[in-house]
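Peer 1: The structure under discussion is supplied below as structure tokens; questions concerning it will follow.
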Amino acid sequence: MIRMMRVNRFEEAAKALFGKGMVHGTLHLCVGEEASVVGSTAALKEQDYILTTHRGHGESIGKGADMRAMMAEILGRASGTNGGIGGSMHVCDLAHGVIGSNGIVGAGTPTACGAALTIKLKKLQDRVSVSFFGDGAANSGGVLESMNLAGVWKLPIIFVCIDNYYAVSTPVAKASADPDLTKRAIPFGMKAFEADGNDVLAVYETMSEARKHVIRQGGPCLVVLHTYRISGHSRSDHNCYRTEQEMEAWRAKGPILRFGNWLEENGLFSRDEINEMGAAVDREIEDVVSWALKQPYPETDGLEDMVYV
Ligand SMILES: Cc1ncc(C[n+]2csc(CCOP(=O)(O)OP(=O)(O)O)c2C)c(N)n1
Ligand SMILES: [Mg+2]
């Protein structure tokens, strides 16, 4: 619960800073997808690798990335995860296995295969590579080629498709000849898993099964998580492609609300305790923001050293 709240409050704080003109570039938030990003990463081990997307803050926080350094990166500060040079879409934290995010749709997946190949060639034990991508990316050449390569080379990789029903404003059914994305596994000889991506326990259990499967078989598998992006696609989104009723229906089954009710109904935590968790996370994120805002901007000397030639 606390991890989902962290993701949610972190995203809301980043949005507020963006609104004040303090974030350079753009921002893609995962409000509404908290169960998918937290449930999946909670099933991973410290030594596992993840590659995320343009909407990657949530998975990075779930995998244990330093939130202060992430926020500093989003604000373009020198103490950021990438020295303030990369910004929101390039957050990485190698110490926690977060190899990187990627602003190019589908482009993190071949890199995730590379990480899986490293695991295989170096015979690293009990370790998997995980590629997160969206329903839109599921149609991109790089993702499909990576799935094939992973199948041919039996790479220890989990392809996790976060199906939030839209790629910007295009619904999955308009972009995919067959909107059942689990079928992407069939031509590449993979097992597919599927879960309600708004149910954190279901996501955790499914992802744990998928991880066991990859470790046991030594080859890839696909996990499709069905969820919904409550936040706009990016900095400007007038939601012209969806109705207020649709958004309201999804808000009502939002992961944090839903898991909170489950905890209460099962007598694990009282409503007051859940509210107190939220208040503690609010304080934590306030500290993250105030720390990040105090960080200096990077020096421009040596900027070219960071260019890969
Ligand atoms: C190769 C490429 N094409 C187009 C874009 C513009 N773009 C950014 S995000 C996005 C939609 C991606 O949709 P999906 O994979 O479903 O991820 P979501 O945004 O829903 O998380 C597009 C088309 C891009 N960044 N890269
Ligand atoms: Mg999508």
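The values are calculated or read from the model by the stated rules, or taken from the named source; none is laboratory data. Nothing here was measured: the structure is a model prediction, and the numbers come from that model. Please note: Cβ atoms are built from the backbone with ideal geometry, for glycine as well, and neighbour counts cover all protein chains shown. Please note that ligands, DNA and RNA were not included when accessible areas were found on the heavy atoms of the full protein model with its side chains. Shrake-Rupley method; radii C 1.70, N 1.55, O 1.52, S 1.80 Å.
Peer 1: Among residues belonging to segment 158-175 that are more than 11 Å from ligand 2 (Cβ to nearest atom) and more than 21 Å from the chain's Cα centre (by Cα), point out the one that is modelled with the lowest pLDDT. Give the steps one after another, and end with the answer.
Peer 2: Going residue by residue through segment 158-175, those that are more than 11 Å from ligand 2 (Cβ to nearest atom) are 158-160, 173-174.
Retained after the next criterion (residues that are more than 21 Å from the chain's Cα centre (by Cα)): 173-174.
Details: A173: 92, K174: 95.
For segment 158-175, the residue satisfying everything is A173.
Peer 1: Out of the residues in segment 231-259 that are loosely packed, with under 12 Cβ neighbours inside 10 Å and among the acidic types (D, E), state the one that is nearest to V200 (Cα to Cα).
Peer 2: Residues of segment 231-259 loosely packed, with under 12 Cβ neighbours inside 10 Å: 236, 238, 240, 243-245, 248-249, 252.
Still in the list and also among the acidic types (D, E): 244, 248.
Numbers: E244: 25, E248: 20 Å.
Among those residues, the one meeting the criterion is E248.
Peer 1: Sticking with this one: Applying the selection to segment 52-97, what residues are closer than 27 Å to V200 by Cα and of a type in the set (D, E, K, R)? If you could, list the steps in order and put the result at the bottom.
Peer 2: Pass one, segment 52-97, residues closer than 27 Å to V200 by Cα: 52-71, 74, 88-97.
If the condition is that a residue be closer than 27 Å to V200 by Cα and of a type in the set (D, E, K, R), then R55, E59, K63, D66, R68, D93 are the ones that fit.
Peer 1: Are any of the residues in segment 101-122 away from ligand 1 (no atom under 16 Å from the Cβ), over 20 Å from G189 (Cα atoms) and under 14 Å from the mean Cα position of the chain (by Cα)?
Peer 2: The answer is no; no qualifying residue exists.
Peer 1: Of everything in segment 284-309, what is in a loop (DSSP other than H, G, I, E, B), of a type in the set (D, E, K, R) and touching a residue at least 24 places away in the same chain (Cβ under 8 Å)? Give them in sequence order.
Peer 2: Of everything in segment 284-309, just one residue is in a loop (DSSP other than H, G, I, E, B), of a type in the set (D, E, K, R) and touching a residue at least 24 places away in the same chain (Cβ under 8 Å), namely E299.
Peer 1: Given K212, K154, which one is in contact with a Pro (Cβ under 8 Å, 6 or more places away or on another chain) and of a type in the set (D, E, K, R)? Don't jump to the end; show me each part of the working.
Peer 2: Numbers: K212 fails: in contact with a Pro (Cβ under 8 Å, 6 or more places away or on another chain).
Being in contact with a Pro (Cβ under 8 Å, 6 or more places away or on another chain) and of a type in the set (D, E, K, R) holds for just one of K212, K154, which is K154.
Peer 1: Also, quick follow-up: Please state which one of R211, R216 is of a type in the set (D, E, K, R) and touching a residue at least 40 places away in the same chain (Cβ under 8 Å). Steps first, answer last, please.
Peer 2: Details: R216 fails: touching a residue at least 40 places away in the same chain (Cβ under 8 Å).
Exactly one residue qualifies, and that residue is R211.
Peer 1: So, in segment 146-191, of the ones that are assigned to a helix (DSSP H, G or I) and of a type in the set (D, E, K, R), which residue ends up farthest from ligand 1 (Cβ to nearest atom)? Don't jump to the end; show me each part of the working.
Peer 2: Applying the first criterion (assigned to a helix (DSSP H, G or I)) to segment 146-191 yields 146-153, 172-175, 181-188.
This time we only want the ones that are of a type in the set (D, E, K, R), so: 174, 183-184.
On the way: K174: 12, K183: 17, R184: 13 Å.
By that ranking, first place goes to K183.
Peer 1: From G136, G114, which residue is more than 15 Å from ligand 2 (Cβ to nearest atom) and open to solvent by 20 Å² or more (accessible area, probe 1.4 Å)? Working first, answer last.
Peer 2: On the way: G136 fails: more than 15 Å from ligand 2 (Cβ to nearest atom).
Going through G136, G114 in turn, just one is more than 15 Å from ligand 2 (Cβ to nearest atom) and open to solvent by 20 Å² or more (accessible area, probe 1.4 Å): G114.
Peer 1: Within segment 145-162, count every residue that is open to solvent by 50 Å² or more (accessible area, probe 1.4 Å) and either of a type outside the set (S, T, N, Q) or under 10 Å from A112 (Cβ atoms) (or both).
Peer 2: Initially, segment 145-162 is screened for residues open to solvent by 50 Å² or more (accessible area, probe 1.4 Å), giving 145, 148-149, 152-154.
Filter again for either of a type outside the set (S, T, N, Q) or under 10 Å from A112 (Cβ atoms) (or both), leaving 145, 149, 152-154.
Total meeting the criteria: 5.
Peer 1: Counting only residues that are aliphatic (A, V, I, L, M) and in contact with a Phe, Trp or Tyr (Cβ under 8 Å, 6 or more places away or on another chain), which one in segment 4-36 is surrounded by the fewest Cβ atoms within 10 Å (Cβ to Cβ)? Write out each step before concluding.
Peer 2: Filtering segment 4-36 down to residues aliphatic (A, V, I, L, M) leaves 4-5, 7, 13-14, 16-17, 22-23, 27, 29, 31, 35.
From what is left, the residues that are in contact with a Phe, Trp or Tyr (Cβ under 8 Å, 6 or more places away or on another chain) are 4, 27, 35.
Numbers: M4: 26, L27: 23, A35: 28.
If we take residues in segment 4-36 being aliphatic (A, V, I, L, M) and in contact with a Phe, Trp or Tyr (Cβ under 8 Å, 6 or more places away or on another chain), then L27 is surrounded by the fewest Cβ atoms within 10 Å (Cβ to Cβ).
Peer 1: Here is a follow-up. Can you name every one of the helices (runs of 4 or more DSSP H) wholly within segment 1-62 that holds 2 or more residues which are touching a Lys or Arg at 6+ places or on another chain (Cβ under 7 Å)? Before the answer, list the steps.
Peer 2: Details: elements: 2-19, 34-42, 57-62.
By residue number, 34-42, 57-62.
Peer 1: Still on this model: Taking the criterion of being exposed (fewer than 12 other Cβ atoms within 10 Å of the Cβ) and under 24 Å from the mean Cα position of the chain (by Cα), would at least one residue in segment 260-269 satisfy it?
Peer 2: Quick first cut of segment 260-269, residues exposed (fewer than 12 other Cβ atoms within 10 Å of the Cβ) only: 265-268.
Remaining after also requiring under 24 Å from the mean Cα position of the chain (by Cα): none.
No, every residue in segment 260-269 fails to be exposed (fewer than 12 other Cβ atoms within 10 Å of the Cβ) and under 24 Å from the mean Cα position of the chain (by Cα).
Peer 1: Within the set of pairs 6 or more residues apart or between chains, which connect a residue that is within 8 Å of G64 (Cβ to Cβ) and assigned to a helix (DSSP H, G or I) inside segment 90-101 to a residue that is open to solvent by less than 60 Å² (accessible area, probe 1.4 Å) and not polar (S, T, N, Q) with Cβ atoms less than 8 Å apart?
Peer 2: Going by the 8 Å Cβ cut-off, the qualifying pairs are H96/K63; H96/G64; H96/A65.
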